[in-house]
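*Asks:* This is the structure, below, for whatever I ask next.
Please treat every number below as a calculation from the coordinates, not as lab data. Quick caveat: nothing in here was measured; it's all calculated off a predicted structure. All Cβ positions, even for glycine, are placed from backbone atoms using ideal geometry, and neighbour counts span all protein chains on display.
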Amino acid sequence: MQALKALWKYGRFFLVTWVLLGGIILMAIGGDALSDYMVTFGLVALLLDLTLGEDYKEYQYDNAQIFYPMQYFSQLVSVASCLMYAWVLGVPNDFLGIAAAVQSLTGYDMLAAHANDTFGFYVAAASVAIIGAAIGSIAVGHELTHRKDMPFANFMGRLGQAFGMHTRFSIRHPYGHHNWVCTPKDPATARRGEHFYPFVVRSIIGQNQQVWQLEAGRLNKMGKSAWTFENQVLRGWGMELVAMGLFAIAAGWTGVMGYLIVGIGVNVALEAANYIEHYGLIRAEDKPQQVRHAWNDNHTFSYWATVAIARHAHHHADADVEFWDLKPYVTEAPRMPFGYLLTIICALIPPLWHTIMNQLLIKWDRELASEEERSIAAKENIVSGQDALIEAGNAYYEAQSLVDAA
């Protein structure tokens with residue numbers, strides 16, 4: 001019993017990894033089961049996010065370093081989910097000889113089983129690969145690439161990100177986003193009144209511009225050209241080209257398109273997370289980050305499924321803290337309206353999103369913002385295009401006028 005408790009305590013952050021393993025097996029087997037499996041997973045995940053409540057506990061781990069090999073295993077599973085998708089896209093080629101190996105070991109004819117794959121099967125296979133690459137890029141990959149003093153951890157993080165067309169994250173995120181979050185300089189911070197869809201485009205373009213500026217600036221300080229092997233952006237792009245090359249070997253141009261589908265899916269997923277994690281929050285550029293500068297979420301399933309990054313307030317207040325030590329900050333940080341999944345669904349429906357978030361932003365201005373932040377927020381409210389925020393902005397200026405008059 002103690003062993004099972006320990007397994008759950010450490011392993012609950014990798015539930016999605018086990019789901020991916022099931023998806024890889026069903027991709028190999030073929031048939032309609034994969035579609036049913038992925039639909040069921042989505043519905044169960046949403047149900048658990050709605051029903052498990054919130055977790056405000058702070059946990060102690062006697063063997064915390066075991067989380068590193070667990071993360072490395074998760075990264076390998078994420079990569080395997082992408083490579084299995086590449087195999088599916090080029091079935092007759094038997095990429096990496098997977099079908100031959102399976103048949104020699106079990107007698108199962110994978111190629112014959114995939115002779116009549118349906119459109120639904122391909123959609124489900126793509127969803128497995130996108131979720132795998134998202135875990136490898138955004139969740140586990142994000143955690144590992146924050147460990148700059150651990151070269152192997154950083155490499156494993158970037159390996160997962162390469163299959164999500166997302167190696168820029170390992171540079172732009174810790175050195176850009178974490179320095180500029182909640183200020184106009186950060187393209188990954190959504191502005192008040194900004195809809196999700198234009199935000200995605202603005203953020204992706206802005207981040208790609210900034211990652212090159214960051215790395216070129218770093219190398220310039222060392223007296224080196226940006227066009228050098230030491231440029232981590234170029235090395236990351238090289239890793240992505242290798243990943244895309246594997247898809248091309250597996251399935252030609254169909255494989256390349258499959259890789260791009262996975263990459264686009266991961267990039268949009270990251271921007272969905274960025275959007276809900278900092279939407280509309282304000283910080284004076286010369287002031288340090290506080291827990292109030294990120295929307296926090298303590299929903300139990302989100303805590304597990306995001307590898308604890310749902311406790312986003314503490315992560316931004318101190319990015320050196322490893323995921324298992326992040327604190328819930330129940331009262332000090334602003335709270336997301338729902339768990340991650342339902343909050344993202346709301347963000348996809350702009351009128352619903354703004355109806356919910358306008359009131360939460362007004363509450364943040366009133367209860368958590370500094371006086372300087374309230375002043376900046378009032379200006380942002382006036383130009384937000386949201387009636388409730390405009391009214392709040394005008395009320396702020398009216399109150400200031402009365403103070404000045406007195």
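*Asks:* Would you mind giving the average projected area, over all directions, of the Cα convex hull of segment 1-146 in nm² with one decimal?
*Replies:* 10.9
*Asks:* Answer with one residue from Val200, Ile249, Phe229: the one whose Cα lies farthest towards the positive end of the charge dipole of segment 119-274, charges on Cβ with Lys, Arg +1 and Asp, Glu -1.
*Replies:* Phe229
*Asks:* Then there's this: What ³J(HN,Hα) values, in whole Hz, does the Karplus curve 6.51 cos²θ - 1.76 cosθ + 1.60 give for segment 287-301 when θ = phi - 60°, with x put for Gly and Pro?
*Replies:* The phi angles translate into 10, x, 5, 10, 5, 6, 9, 8, 6, 9, 9, 10, 4, 4, 5 Hz.
*Asks:* For Thr118 and Glu332 in one chain, what is 0.36 nm times their gap in residues minus the Cα-Cα distance, to one decimal in nm?
*Replies:* 72.0 nm
*Asks:* Let me ask something additional. Please give the length that would be gained between Phe229 and Ile261 if that part of the chain were fully extended, namely 0.36 nm times their separation in residues minus their C-alpha to C-alpha distance (nm, one decimal).
*Replies:* Stretched fully, the Phe229-Ile261 segment lengthens by 8.7 nm.
*Asks:* For a quick check: with amide H placed at 1.01 Å from N, whose amide H comes under 5 Å from Asn296's, ignoring anything fewer than 5 positions away on the same chain?
*Replies:* Placed amide hydrogens put Arg335, Met336 under 5 Å from Asn296.
*Asks:* What is the local net charge at Gly206, summed over the other residues whose Cβ is closer than 13 Å to its Cβ (Lys, Arg +1; Asp, Glu -1)?
*Replies:* With Lys, Arg at +1 and Asp, Glu at -1, the net is +2.
*Asks:* Shifting gears a bit: Got a sec to turn the phi values of segment 308-318 into Karplus ³J(HN,Hα) couplings, 6.51 cos²θ - 1.76 cosθ + 1.60 with θ = phi - 60°, whole Hz, x for Gly and Pro?
*Replies:* Result, ordered by residue: 6, 5, 4, 7, 6, 4, 5, 4, 7, 6, 8 Hz.
*Asks:* A further question on this structure: Tell me, what HN-Hα J-couplings in whole Hz come from the Karplus equation 6.51 cos²θ - 1.76 cosθ + 1.60 at θ = phi - 60° for each residue of segment 249-265, using x for Gly and Pro?
*Replies:* The phi angles translate into 4, 5, 8, x, 5, 4, x, 4, 4, x, 4, 5, 4, 4, x, 5, x Hz.
*Asks:* Taking the number of other C-beta atoms within 10 Å as the exposure measure, put Val211, Val242 in order starting with the fewest.
*Replies:* Fewest-to-most Cβ neighbours within 10 Å comes out as Val242, Val211.
*Asks:* A further question on this structure: For the chain, set up a GNM with springs between Cα atoms under 10 Å and report which of Met150, Met70, Met222 has the largest fluctuation.
*Replies:* Comparing Met150, Met70, Met222 in a Gaussian network model of the chain, the most mobile one is Met222.
*Asks:* Which of Met110, Met257, Met1 has the fewest other C-beta atoms within 10 Å, and how do the rest follow up to the most? Provide the component values of the computation, followed by the final result.
*Replies:* Numbers: Met110 21, Met257 14, Met1 5.
Sorted ascending by nearby Cβ count, the order is Met1, Met257, Met110.
*Asks:* Can you pull the Kirkwood radius for segment 13-369, inverse mean 1/r over Cα pairs, to one decimal in Å? Before the final figure, lay out the partial values.
*Replies:* On the way: mean 1/r = 0.0472 Å⁻¹.
Kirkwood radius, segment 13-369: 21.2 Å.
*Asks:* Given Cα pairs under 8 Å that are at least 6 residues apart, what percent is the relative contact order of segment 147-263?
*Replies:* Rounded, it is 31 percent for segment 147-263.
*Asks:* I've got another one for you. Placing +1 on the Cβ of each Lys and Arg and -1 on the Cβ of each Asp and Glu in the chain, which of Pro334, Leu144, Gly393 has its Cα farthest towards the positive end of the resulting dipole?
*Replies:* Leu144
*Asks:* I would also like to ask the following. Where does the charge balance sit around Tyr61 when Lys and Arg score +1, Asp and Glu -1, over other residues with C-beta under 9 Å from its C-beta?
*Replies:* That sum, taken over residues with Cβ under 9 Å, equals -1.
*Asks:* On to the next question. Running a GNM on the chain with Cα contacts under 10 Å, which residue among Gly258, Gly238, Gly193 ends up with the highest mean-square fluctuation?
*Replies:* Gly238
*Asks:* Still on this structure, please answer the following. Near the amide H of Glu54, under 5 Å away, which other amide H atoms are found, from residues 5 or more places off or on another chain, if H is placed in the peptide plane?
*Replies:* Excluding prolines and chain starts, which carry no amide H, the hits are Thr300.
*Asks:* Just how large is the dipole of segment 201-323 about the Cα centre, in debye to the nearest 20, putting +1 at every Lys and Arg Cβ and -1 at every Asp and Glu Cβ?
*Replies:* With Lys and Arg at +1 and Asp and Glu at -1, about 240 debye.
*Asks:* Do the alpha carbons of any pairs in Lys57/Lys287; Lys185/Lys224; Lys9/Lys57; Lys9/Lys148 sit beyond 21 Å of each other, and which pairs? Please list the in-between numbers first.
*Replies:* Values: Lys57/Lys287 29 Å; Lys185/Lys224 26 Å; Lys9/Lys57 13 Å; Lys9/Lys148 26 Å.
Among Lys57/Lys287; Lys185/Lys224; Lys9/Lys57; Lys9/Lys148, the Cα-Cα distance tops 21 Å for Lys57/Lys287; Lys185/Lys224; Lys9/Lys148.
*Asks:* Rounded to whole Å, give me the distance from the Cα center of segment 113-184 to that of segment 304-373.
*Replies:* Rounded to whole Å, the Cα centres lie 21 Å apart.
*Asks:* Within segment 39-148, which GluC sites (Glu not before Pro) sit in a loop by DSSP and count at most 14 neighbouring Cβ atoms inside 10 Å?
*Replies:* Glu58
*Asks:* Sticking with this structure for a sec: For each of Cys82, Cys182, Cys346, count neighbouring Cβ atoms within 10 Å of the residue's Cβ, then give the residues from fewest to most.
*Replies:* Cys346, Cys182, Cys82
*Asks:* Hey, another quick one. Which of His316, Ala33, Ser78 sits farthest toward the positive end of the charge dipole of the chain, with +1 on the Cβ of Lys and Arg and -1 on the Cβ of Asp and Glu?
*Replies:* Of the candidates, Ser78 comes out farthest on the positive side.
*Asks:* Calculate the dipole size of the chain relative to its Cα centre from +1 charges on Lys and Arg beta carbons and -1 charges on Asp and Glu beta carbons; express the result in debye to the nearest 20.
*Replies:* The dipole of the chain has a size of about 680 debye.
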